[in-house]
Amino acid sequence: MTNWHELTGFQRDLLKTLAGLERHSESVSGQDLCRQLEADGLTNVNNGRLYQNLDMLVEDGWVSKGKKDQRTNAYATTTAARESARRELQSWMAIFEREQIVTDGGAERALLWECDSVHPVDAECKPWGGRDD
């Protein structure tokens with residue numbers, strides 16, 4: 001398995017998006033991923049780029065590939081991928097050593113463990129890709 005830091009930014013975005021979609025669906029297709037990546041503001045997501053990177057993630061053990069139906073593949077993050085992402089998040093949290101983060105403007109921010117999102121403490125929780133900051 002490739003090291004987390006050896007993945008491209010696009011591959012890490014794929015893993016994050018796939019993990020997010022898995023929370024709401026048992027079966028995630030490449031087209032589901034493409035739609036969500038574009039909804040999150042990623043541009044230049046064409047089929048060649050998407051499936052080439054998905055295949056690389058499958059070969060490296062980050063993603064498993066199965067069948068959604070006769071014509072469509074289904075993708076899922078592996079346990080190893082989720083553990084690696086969790087370790088990466090924990091290493092970032094260790095840098096800050098606290099839950100509260102104060103920004104330049106002094107606005108209070110908090111990392112909310114339940115939603116994996118950073119936003120004003122009193123703001124409504126939004127998915128990772130839906131942040132305003």
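What's the extension gain from ASN47 to MET93 if we count 0.36 nm per residue and subtract their Cα-Cα distance?
Between ASN47 and MET93, full extension yields an extra 13.1 nm.
Ranked by the mean number of other Cβ atoms within 10 Å per residue, highest first, peptides 57-64, 24-31, 87-94 order as 57-64, 24-31, 87-94. Annotation: amide H-H contacts under 5 Å for ASN73 (H modelled 1.01 Å from N, sequence separation of 5 or more, or interchain): GLY30, LYS68. Across the stretch 77-92, coupling constants 3J(HN,Hα) worked out from phi with the 6.51/-1.76/1.60 Karplus curve, θ = phi - 60°, read 5, 8, 4, 4, 5, 5, 5, 5, 5, 5, 5, 5, 4, 5, 5, 5 Hz, and Gly and Pro carry x. Among 76-83, 46-53, the peptide with the highest mean count of other Cβ atoms within 10 Å heads the list, and the full ranking is 76-83, 46-53.
Any read-out appearing in this document is the output of simple, stated calculations on the displayed coordinates, not a laboratory observation. The structure presented is a predicted model; accordingly, all values stated were derived computationally and were not measured. Note: ideal-geometry Cβ built from the backbone for every residue, glycine included; neighbour counts use all protein chains shown.
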